[in-house]
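Engineer: Structure incoming, see below.
We did not get these values from a lab; they are worked out from the coordinates using the rules stated. None of the values given here were measured: they were computed from a predicted structure.
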Amino acid sequence: MKIPKLSLPSKGKKKATSNTKGKGGVSKAKRNVSSNSRRNLSATIFGLLFTILVTSMLISAALIAMPKTERFTPDNRFDLNVKDDKYWAKRFVLELTVKKEDEGDTTEKVEVTKGIIQRRLDRYDVEQVSIKTLHDYEPTSAEETVEDIVNQIEEQEDVQGAEDSGDNEKAEEDIKVYIEVSATSSRDQASITRLIGSRHYLKIMTTTPAALNSEDQLAAYLPENYDRTQFTRRSFRNIEIKQLSTTTEGEDAFFAIYKSWPHNALAWRDFLGDNAGKTIGIAIDGFVTPYPVPIEFDPDLKNPQQNPIFAPGVTQDPAEAQILDILYNSGVIPVEYSIISNEDAEVKTYEIDYIEVSAAFILSVIVIMAYSYFRNRGDKGRSLLFMLTSVAAFAFYVAVLKILSLPIDLPILLLEGLSIILLAKVLAYRTRSVLLIDLPVIMFFALLSFYGSGYTGIYGMHMTVIAFAMMLMVPVLDTYINKMKNLLMK
C-alpha cells in the first residue's frame, strides 16, 4: 500500500514571506511610534501651557486678595472698597390721607403703600429698611405747618373740579394714618428720599384753550389748564424705561415706552389717533409735562406707520433712568401722602477687620480640609480639589472687588466666604450629575436675590454669580491638579 506524499512549502519561500511581513510590520510600527510621539508632545506642551496659565492666575488673584499686599506699582493701588464710612441713617414719618368713602379699606391701602415703598427700596438695594405703622402718633406743630403747606399745594393742583367749601369739609373728614420708614444705606440719600416721598401717580390729560392761548409761560405746566382723561398709571401694564438713539447723531437718551393692558389697547390707540399732532399733558404728582403726540398715530395718513410706539423722552442720565424705572414699575400707591418728618438716626454697623476675615477664612478651610482628609483617607485628590476651589474662588472674588472698586460690607463678605467653603465642599465631593446639584444651588441663590430684601437680597445676588463661577471653576481646577501631578511625576 502506497502512502501519499504530502507537499510541504520550501524553507526558502517561508523565510522570504516571513521577511516581507517583518519589514512591513516594522515600518508600520515606526509610523505609529512617530504619530504617538507627536501627539504626546502636543499634549505635553498644551498641559504645560495650561498649568502655567492657571498657576499665574491663581498667584495673581491671591496676591491681590491678600491684605497688606495692595501696592504693586507706584501708580495703582488695590484697596477693598468697604462701605463702613459711607453709611447714613434717616427716619421718615409719612402722613397718608385716606378718603372718607374708603374708610373700610384703610388697612388694605396702608399695607399696599408700605409694600410698594419696601419694593422700591429693595430694587434700589437699600441695605437696611424698616417700615411700621404709628398708631399713637401725634404730629408736632412744626410738622402740622409743613402738612398745611402741602395740602394747599395739592388743593390747587387737584383736577377733581369740586367746590372749595366742599373740599374743605371733605378734607376735615379724611382719615390720617402715619407710618415710619427707617433706612440705613450707603446709596444716594436724595434718591432714597425721593423713592420714599414720591407717590409718582401718573395721569394723561388733554389741553384746554386756556393753556393754549395763555401768555403765561407756566400755564402749560399747571394741571388746572388741562382736562382729565380715563388714562392713568393703572391703564398700563408696564412703562419700560429704555435707552434709544435720538435724532442727534452720536447721542442716546432714555425713553418711557407705554405698554397698555389688552382690554384698553384699542381705546388708547384711538385716543392717540384723535390727538395726533396735538399736545397732551403727562401729569405726575401735580406737575404736567407737555408732550406733542407724533403724527404717525394719525390713522388717516396715506402711508401710516405700523404699530407706532408712544415713547416720550425722560432723561439722558442713567442714574435718573434707574430711579424712574423703579417709580414707574414698583406698583401704584393708592393714597396721597407726604413726608412730614425727616430726621437723622444713629448708624448701626458691624465693625469687622478685613485681616480677621481673611484669617478666619483660611483657618476654616484648613480645619474642614483636615477633617475631610482624615475622614476620607483614600480620596486625597478630592480634599486637594476642595482646598484649591475654596481658596481660588474667594481670592478671585476679592480680587474682582478690589480691581473694580466695588463696594462691599465686611459682614456680607464674611458670610459669603463661609458660603464659598460649604459650596466648594459640596462641588468637590459631589457624586451626582451637575443638574442635580449645581443648578438647584444657583436657582436657590437666584430666588433669594429676587425675593430677598436688604442684606438678604444683596447676599443672594452675589452668591448667584459666585456659585455659577464655581460651577465652571471646579472642572478646570480638577484638570489642573491632574496635569500638575503628571508633570511632577515625570
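Engineer: Whole-Hz Karplus ³J(HN,Hα) for region 289-298, in order, using 6.51 cos²θ - 1.76 cosθ + 1.60 and θ = phi - 60°, x for Gly and Pro?
Structural biologist: 10, x, 9, x, 6, x, 5, 4, 7, 5
Engineer: Exceeding 32 Å between C-alpha atoms, which entries from my cross-link table qualify? They are Lys83/Lys380; Lys109/Lys259; Lys99/Lys259; Lys425/Lys485; Lys90/Lys176; Lys114/Lys259. Mind showing how you got there, number by number?
Structural biologist: Numbers: Lys83/Lys380 40 Å; Lys109/Lys259 25 Å; Lys99/Lys259 30 Å; Lys425/Lys485 21 Å; Lys90/Lys176 22 Å; Lys114/Lys259 26 Å.
Checking Cα-Cα distances, Lys83/Lys380 exceed 32 Å.
Engineer: Put one equal scatterer on each alpha carbon of region 409-478, apply the Debye formula with no solvent term, and list log10 I(q)/I(0) at q = 0.23, 0.24 1/Å to two decimals.
Structural biologist: Log10 I(q)/I(0), no solvent term: -1.01, -1.07.
Engineer: Return the whole-Å distance between the Cα centroid of region 179-230 and the Cα centroid of region 111-136.
Structural biologist: Using only Cα atoms, the two centres lie 22 Å from each other.
Engineer: If you plug each phi of region 232-238 into the Karplus form 6.51 cos²θ - 1.76 cosθ + 1.60 with θ = phi - 60°, what whole-Hz ³J(HN,Hα) values come out, in order, with x for Gly and Pro?
Structural biologist: The phi angles translate into 10, 4, 5, 6, 10, 6, 7 Hz.
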